[in-house]
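The values are calculated or read from the model by the stated rules, or taken from the named source; none is laboratory data. Since this is a predicted model, take the numbers as computed values, not measurements. Methodologically, a virtual Cβ is constructed for each residue, glycine included, from the backbone with ideal geometry; neighbour enumeration extends over all protein chains shown. The accessibility values were calculated without ligands, DNA or RNA, using every heavy atom of the protein model including side chains. Shrake-Rupley method; radii C 1.70, N 1.55, O 1.52, S 1.80 Å.
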Amino acid sequence: QDVFASLLGECYAAKIGKYEYEFCPFNKATQKEGHSSTNLGTFKSFKYDDASDDGELIMVFDDGQKCWNGPKRSMHVAFKCNVENEVLSVTEPS
């Protein structure tokens with residue numbers, strides 16, 4: 001995972017629908033709507049997604065703000081090689 005050391009201190013964001021999602025590798029992840037911000041978790045670990053064809057590397061953020069009717073929020077970030085560092089898509093469980 002040393003290949004990700006260059007991401008230390010960086011943050012990336014994307015507006016998807018009415019929310020802006022931001023994650024800072026090795027730090028925290030948030031979901032923003034207007035002036036409101038929801039904690040999606042702090043960096044916990046890396047894991048490999050064995051279900052994907054190429055064994056994607058996943059950055060795991062856990063222990064975020066508790067949902068009103070369920071567990072604490074979390075965020076998993078999947079990496080794909082590209083020229084630019086950018087958020088390509090965001091999906092949420094229903």
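Before we move on, is residue 47 surrounded by 13 or more Cβ atoms within 10 Å (Cβ to Cβ), under 22 Å from residue 3 (Cα atoms), among the basic types (Lys, Arg) and without any contact (Cβ under 8 Å) to a residue 60 or more places away in the chain? So residue 47 fails the test.
Taken over the range 61-74, the criterion of being modelled with pLDDT under 90 and either open to solvent by less than 90 Å² (accessible area, probe 1.4 Å) or under 19 Å from residue 87 (Cα atoms) (or both) is satisfied by 67, 70.
Checking the conditions here, which among 84, 10 is over 12 Å from the mean Cα position of the chain (by Cα) and in contact (Cβ under 8 Å) with a residue 60 or more places away in the chain? Within the list 84, 10, the selection yields 10. Residue 26 meets each of the listed conditions (1) touching a residue at least 60 places away in the same chain (Cβ under 8 Å); (2) touching a strand residue (DSSP E or B) at 6+ places or on another chain (Cβ under 6 Å); (3) of a type outside the set (D, E, K, R) apart from (1).
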